[in-house]
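Asker: One structure, pasted below without further comment.
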Amino acid sequence: MRRWRSSAGFFTAWAAMAEGRRQGAVLVTGATGTVGASVLAELAARGAEVVAAVRDPAAPSARALGVPVREFTFDGSPTNAQRALEGVDRVFLMRPPQIEDVRTFLFPTIDACRAVGVRQVVFLSLQGVQVNRRTPHHAVEARLREARVPFTFLRPNFFMQNLSATYAADIRVRDEIFVPAGRSLTAFIDARDIGRVAACVLTEDGHLGKAYTLSGERALGYRDVARVLTDVLGREIRYARPREDAYLDRLRADGAPAAYIEVQRMIYRIVRANVSALPNRMVRRLTGHPAITFRQFAIDHRDVWMPDGAGGILQPGPET
């Protein structure tokens, strides 16, 4: 086999051989999650052959996906990974949040991708990961490069869905956003836009060896977020702006594990440094459509923050 002298030479040569020859299916890991389900829907809309990797194919959440499913877990077994990759030439790869030891449990899947000749792995990474060596995402990116598996990295900003999931109860019950973000700004991105981008780079040529930072097109402070939610929900939502110690104390009182609390400490120190403040138009550039605005996201998820039975239909208003 010919040896390539540089990564650039390797990916140029691989792209010439691989692009335009996509004949297998796309395996989507994390298929029942927020991002994975969006990736599946967007790929299906493009007519791509997709297979959902799930822990339990008999589970209602798996059956509801409406696509072929295949049992798979990141258990560190190369044999199981190769079995899951049968007939697959592209992979959407997500690190399960509970897996910190990616060397043991996720690297074998990367090695299996190389062994069976997968033509592209699209990895859901993390904004700023290239300068944050402490994250598992950094290790996964490095492994994909070292193994010379053709990759595309998606590095998203903070998800809007954090507000409709992790922080939904505070908004619904206490009418407040309780995060130690100070006066920082964040260019939030909707996970649905990540699904759209993933479908584009998995079905179009020109993305091998690329890394894309994905942000919304406008940076917002949490007071801006609270104002939009106030307007959309029809009641006042406050940004409490707690100190870091008060936020972490609440997590402890709610029974959060120590590892999660430490991750939250790190995340919001990064937020307060305004690392996540820069908007961009990468979603528009890759998909041809502007990123979803926070106002539209709030309208679409309004019922999540409403007391039972208080939801309703709200028409879009001025963008924020």
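Asker: Could you list the trypsin sites (Lys or Arg not before Pro) in segment 200-282 that lie in coil according to DSSP, counting only those with at most 16 other Cβ atoms within 10 Å of their Cβ?
Answerer: Values: sites: Lys210, Arg218, Arg223, Arg227, Arg235, Arg238, Arg243, Arg250, Arg252, Arg265, Arg269, Arg272, Arg281; in loops: Arg218, Arg235, Arg243, Arg281.
Those that pass, being in a loop and sparsely packed, are Arg218, Arg235, Arg243, Arg281.
Asker: With the calculation restricted to Cα positions, what are the radius of gyration and Dmax of the chain in angstrom?
Answerer: Cα only, the chain: 20.3, 66 Å (Rg, Dmax).
Asker: Once you list every other residue whose beta carbon is under 11 Å from the beta carbon of Arg284, what net charge do they have if Lys and Arg are +1 and Asp and Glu are -1?
Answerer: Every neighbour counted, the sum reads +1.
Asker: Moving to a separate point now. Note down the net charge around Arg143, summing +1 for each Lys or Arg and -1 for each Asp or Glu among other residues with Cβ under 14 Å from its Cβ.
Answerer: It works out to a net charge of +2.
Asker: Further question on the same structure: Nearest-5 percent of antiparallel DSSP beta bridges in the chain?
Answerer: Restricted to the chain, the bridges split so that about 5 percent are antiparallel.
Asker: Net charge near Ala256, counting Lys/Arg +1 and Asp/Glu -1 over other residues with Cβ under 13 Å of its Cβ?
Answerer: Counting the neighbours of Ala256, the net charge comes to 0.
Asker: If you project the alpha carbons of segment 7-156 onto the principal axes, what extent comes out on each, in Å, largest first?
Answerer: Largest first, segment 7-156 extends 42, 35, 30 Å along its Cα principal axes.
Asker: Shape of segment 87-129 from its Cα gyration tensor (a ≥ b ≥ c, root eigenvalues): rounded if a/c is under 1.5, otherwise prolate when a/b > b/c, or oblate? Walk me through the intermediate numbers first.
Answerer: Values: a/c = 2.38, a/b = 1.44, b/c = 1.65.
Note, shape of segment 87-129 comes out oblate.
Asker: Counting only Cα atoms, I'd like the Rg/Rh figure for segment 173-229, Kirkwood definition for Rh.
Answerer: 1.13
Asker: Here is a follow-up. Compute the Kirkwood hydrodynamic radius of segment 101-195, taking the inverse of the mean of 1/r over all pairs of distinct Cα atoms, and give it in Å to one decimal.
Answerer: For segment 101-195, inverting the mean 1/r across all distinct Cα pairs yields 15.6 Å.
Asker: Restricting attention to the alpha-carbon atoms of segment 52-127, what are Rg (one decimal) and Dmax (integer), both in Å?
Answerer: Taking only Cα atoms of segment 52-127, I get Rg and Dmax of 12.5, 34 Å.
Asker: Show that you can apply the helix-only estimate: for the chain, add -39,500 (n - 2.57) for every DSSP H stretch of four or more residues, divide by all residues, and state [θ] at 222 nm to the nearest 500.
Answerer: After summing the helix terms and dividing by the residues of the chain, the value is -12000 deg cm²/dmol.
Asker: With axes computed from alpha carbons, what is the tilt in degrees of helix 258-272 against the longest principal axis of the chain, rounded to the nearest 10 within 0 to 90?
Answerer: Approximately 80 degrees, to the nearest ten.
Asker: If you don't mind, there's one more thing I want to ask. Are there GluC sites (Glu not before Pro) in segment 179-240 that DSSP marks as loop and that have at most 14 other Cβ atoms within 10 Å, and which are they?
Answerer: When the GluC sites (Glu not before Pro) of segment 179-240 are filtered for loop state and at most 14 Cβ neighbours within 10 Å, Glu204, Glu236 remain.
Asker: Also: What full-extension length gain, to one decimal in nm, is calculated for Ser77 and Val304 as 0.36 nm per residue of separation minus the Cα-Cα distance? Numbers along the way, then the final one.
Answerer: On the way: separation 227, 0.36 × 227 = 81.72 nm, distance 3.86 nm.
Extra length from Ser77 to Val304 when fully extended: 77.9 nm.
Each value in this text was obtained by applying a stated rule to the coordinates, not by laboratory testing. Just so we're clear, the structure is a prediction, and the values are computed from it rather than from any experiment. So basically every Cβ, Gly included, is an ideal-geometry build from the backbone, and we count neighbours across all protein chains shown.
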